[in-house]
1. In this structure, does residue 46 turn out to be surrounded by fewer than 16 Cβ atoms within 10 Å (Cβ to Cβ), within 11 Å of the chain's Cα centre (by Cα) and assigned to a helix (DSSP H, G or I)?
2. Considering each of 53, 35 in turn, give the residue that is assigned to a helix (DSSP H, G or I) and modelled with pLDDT under 90.
3. Consider residue 19 carefully, then state whether it is surrounded by 15 or more Cβ atoms within 10 Å (Cβ to Cβ), among the aliphatic types (A, V, I, L, M) and out of contact with any Leu (no Cβ under 7 Å at 6 or more places or on another chain).
Amino acid sequence: MGKKRIAFFSIFLFLAINVFSLSNAIEGYYGHEDTRVYGAVIVALISTVLATTAFFIWRKAEYKK
């Protein structure tokens with residue numbers, strides 16, 4: 001698999017992790033479980049950074065001349 005394809009699939013993987021983490025953060029917030037909220041938000045932020053990085057890698061590979 002090429003660099004472009006790996007970056008493309010990793011974007012979706014990181015976004016799926018992000019959605020799952022944010023849903024856990026919301027459930028933890030309503031259940032007043034602070035440690036669950038903080039852990040889920042940290043994982044979501046890391047996932048967002050990785051998805052953004054993967055997007056820029058994919059964009060560079062896609063539009064390379």
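1. Working: surrounded by fewer than 16 Cβ atoms within 10 Å (Cβ to Cβ): yes; within 11 Å of the chain's Cα centre (by Cα): yes; assigned to a helix (DSSP H, G or I): yes.
Answer is yes for this residue.
2. Among 53, 35, only 35 is assigned to a helix (DSSP H, G or I) and modelled with pLDDT under 90.
3. Against the criterion (surrounded by 15 or more Cβ atoms within 10 Å (Cβ to Cβ), among the aliphatic types (A, V, I, L, M) and out of contact with any Leu (no Cβ under 7 Å at 6 or more places or on another chain)), residue 19 does not qualify.
The values are calculated or read from the model by the stated rules, or taken from the named source; none is laboratory data. Since we're looking at a predicted model, the values are computed, not measured. Every residue, glycine as well, gets a Cβ built from its backbone with ideal geometry; the counts of neighbours run over all protein chains shown.
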